[in-house]
Amino acid sequence: MQRTVAVAKDGRQLQSWGVLHRVRLLEELLRKDESVLLEILEQAGVSTASYATVWFRSLFAESVGGDDTICIWDRIVAAPADLIVYIAAALQRNLKAETVVLCNARPPEEIVHWLQ
């Protein structure tokens, strides 16, 4: 559900689609660009929402350390609203090799905890 989050100086209402919308966008992007990885995660019992919700709610603060977090926040503040989804997709691509190994060796709860 879209809701008004602010009103611009010219009177336009600025909208937000929320975290769950961005989780769905990330899943669509992964299905298109990283379908094998997404399938491996799903077969391991790990849903995109189980880790991406934490990424989006904390703006990656709980997943990325120190200076990297500040750099990401600077980009998010200065960018269109859905940039966060593309950052999440890039992070997921960078974690691909480790994720595949974990999906073959660990239960879903451990995989989610590691991804968060």
Taking a virtual spin label 7 Å from the Cα of ASP10 along the C-beta vector, which residues in region 65-109 bring their backbone nitrogen under 20 Å of it?
78-82
Highest mean packing first, using Cβ neighbours within 10 angstrom, the peptides 44-50, 67-73 sort as 44-50, 67-73
Using per-residue counts of other Cβ atoms within 10 Å, averaged over each peptide, order 90-96, 25-31, 76-82 from highest down.
25-31, 90-96, 76-82
Please state the relative contact order of the chain as a whole percent: Cα pairs under 8 Å, 6+ residues apart?
29 percent
In units of 2.2 N^0.38 Å, what is the alpha-carbon radius of gyration of the chain?
1.15
Measure nothing but the geometry: give the 0 to 90° angle between the long axis through the Cα atoms of 96-105 and the longest principal axis through the Cα atoms of the chain, rounded to 10°.
50 degrees
Sparse-neighbour loop sites [GluC sites (Glu not before Pro); region 56-116; at most 15 other C-beta within 10 Å; DSSP]
GLU62
Determine the share of region 69-108's accessible area contributed by carbon and sulfur atoms, expressed in whole percent, with a 1.4 angstrom probe.
63 percent
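The values are calculated or read from the model by the stated rules, or taken from the named source; none is laboratory data. Note that the structure is a prediction, hence the values are computed from the model and not measured. Positions of Cβ are generated from backbone atoms using ideal geometry, with glycine treated the same way; all protein chains shown enter the neighbour counts. Areas reflect the complete protein model, heavy atoms only, side chains present, ligands, DNA and RNA absent. Shrake-Rupley method; radii C 1.70, N 1.55, O 1.52, S 1.80 Å.
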